[in-house]
1. Mind giving me the FRET efficiency for residue 118 and residue 272? R0 is 25 Å, r the Cβ-Cβ distance, nearest 0.05 is fine.
2. Which residues does a label at residue 12 reach in the range 67-100, if reach means a backbone N under 13 Å from a point 7 Å past the Cα toward the Cβ?
3. In the neighborhood of residue 396, defined by Cβ-to-Cβ distances under 15 Å, what is the net charge if each Lys or Arg adds +1 and each Asp or Glu adds -1?
4. Testing the spin-label approximation: label points 7 Å from Cα along Cα→Cβ at residue 5 and residue 441. State their distance in nm.
5. Under 19 Å from a point placed 7 Å out from the Cα of residue 455 along the Cα-to-Cβ direction: which residues of the range 288-328 have their backbone N that close?
6. Pop the C-beta distance of residue 37 and residue 421 into the FRET formula with R0 = 51 Å and round what comes out to the nearest 0.05.
7. So in the chain, what percent of DSSP beta bridges are antiparallel if you round to the nearest 5?
8. Among 15-26, 379-390, what's the highest-first ranking by average C-beta atoms within 10 angstrom per residue?
Amino acid sequence: MNTFEYAPAPESRAIVDIKPSYGLFVGGEFVDGHGRSFKTISPSTEEVLSEVAEADETDVDLAVKAARRAHSRVWGRMPGKERAKYLFRIARIIQERGRELAVLESIDNGKPIKETRDVDVPIAAAHFFYYAGWADKLKYSGHGTESLGVAGQVIPWNFPLLMLSWKIAPALACGNTVVLKPAETTPLTALLFAEICQQADLPPGVVNIITGAGDTGRTLVSHPDVDKVAFTGSTEVGRAIAKSVAGSDKRVTLELGGKAANIVFDDAPLDQAVEGIVNGIFFNQGHVCCAGSRLLVQESVADEVLGRLKRRMGTLRVGDPLDKNTDVGAINSAEQLAKIRRLSQIGEQEGAERWSAPCDLPDHGFWFPPTVFTGVTQAHRIAREEIFGPVLSVLTFRTPGEAVEKANNTPYGLSAGVWTEKGSRILKVANALRAGVVWANTFNKFDPTSPFGGYKESGYGREGGRHGLEAYLR
Ligand code: NAP
Ligand code: MG
C-alpha cells in the first residue's frame, strides 16, 4: 500500500485543440468521407472526444490514387537529399509540438503522460531523424535504391504515433508514398500528424491518412494498386492479411503478437530485476507486443523475487493518464478490458493463484489493477496466449537449459529478457532464445538504429535500423 499521498499533478489539456469532427487526409487535404463516421473516446473517462470519418471503398481508392500520383509525379523522382529535408522538417515539428502530441495521445489512448512525453514522442521524432539520414545514402543500404511505389500501412492502438513513425519514416525515406490506417480507438494523433505534414509542406498525396476500423484496413491491404503492405497488429489478423495477399506480387511485412519470457537467474541484482519485471509488464498497461508477460524465475530466488515484486506493485499509481505521477493508465477499450478479464478468469479456473495490487480504480473508464499469477504451468492458457494487459504469469525453473526450453515453448518469438551477473551466461542464453530482440539486465529499450521484429507467429520482416529499409526498396 502507498505509505504517503501524492498531490495530483495533471498536465493541462489546453494545449490540444480537438475538433468536433474529422475528415480523411487525402491528397494533402482534409476531405469528407463517403461512408459513415464513428466516435473516438477517452478510455479513462469514456468522454466522447470527436466524430471521425470511416473510409469506405471509394475513399480507400481515392487515397491510393492520390498516393500513386504523388509517387509517379513527385516523390518517387525526387533526389534522396531533397526527400531528407522533408523528413528532417517533420522530425523537428514533432519535437516542437511534442507536448501537444503527448497530451493528445494520452487522452485518446489512455496511456500515462510520462510515457507519451518521455517515450512515444521522442522515439517517434528519432525515427524521422534517423531515416532522414538514410534518404540520400540508400546505395549503401545493401537493399537496392529503387522505391516500391504505394505502401498500404495498418497499425494498432497501443503506440499510435510511434507505430505511425515506424511505418511512415522508412517508407518515405526510400521514396515510397503511403496510405496509413490508424486503429479505430486511437485516430487522433495520426490526424494531428496529417496537420504536421501540411505544416512541413510535404507534397500532397505523399502521406494519406484514412481512418476507420477493420473493414477499412481490409479494403486497403487488398487494394490492387498497393505495392507493399505493412501491418502491425494481432497474429489472427496478420494471418488473414497474409492469405489475402498470397498470389499477388505485393510485398508484405507483418509485426504481430508476442509472449516474451523475462528470465531472472539467482545471481541477478534482484532490485534491478524487479524494476525490469515491472517495466516489462506494466509499461503501457501491458499493451505491448514485446511485453515481458511470462516471468521465468529461478526456483532458489522465486519467493524473494515475488515478495519484492508485490511490494513494488503496491506502489504503482494507477489512474488519470494526464497526471504526471501516474504509472499505469487506462485500458484502451471496453473490448480489451473484457478480454483481459476473461483470460484472467481462465487463469483462476486453471488453478493459478491470482494477486492484484490493492489500488482504488476510478469509477468511470476502463481499468484493470496490476496483477500477477503464480503457480502457472506451461500448459495454462495464461502462459500461452497474449493477454495484452497488466497481467504477469510466473513460472519457475532450476537450470539455464530449462529456462531456455520454457522460454522457447511458445508459438511467438518477438522478445525476451535475461537477468544475471554473468556476461557469458547472457550470451549463451541469448543465442539459444528464438526471439527477435533479447534485452540483458534491462527491458523495453527502443532505438531507431536497432532492428525490431519476430520469429514464428510474431511475424516477419524487421523495422528499424538499416534492416528496416529492406521492406521499402528493390
Ligand atoms: P488487430 O485487431 O490485429 O488490429 C490492428 C489493426 O488492423 C487495426 O488498425 C485494425 O483495425 C486493423 N484490422 C482489423 N482487421 C483487419 C483486417 N481484416 N484487415 C486489415 N486490417 C485489419 O490488433 P490490435 O488488437 O489492435 O493490436 C494489438 C496486437 O498488435 C497485439 O497482438 C500486439 O502484440 C500487436 N502488436 C505487435 C507489434 C509488433 O511490432 N510486433 C507492435 C504493437 C502491437 P481496428 O482495430 O481499427 O478495427
Ligand atoms: Mg480513443
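No lab work stands behind these numbers, since they all come straight from the coordinates. All figures in this text were calculated on a predicted structure; none of them were measured in a lab. Glycine gets a Cβ as well: all are built from the backbone with ideal geometry, and neighbour counts include every protein chain shown.
1. Efficiency, from the Cβ-Cβ distance: 0.80.
2. 100
3. -4
4. The answer from the label model is 4.1 nm.
5. 289-297
6. Efficiency, rounded to the nearest 0.05: 0.35.
7. Here the share of antiparallel DSSP bridges comes out near 30 percent.
8. Output ranking for 15-26, 379-390: 379-390, 15-26.
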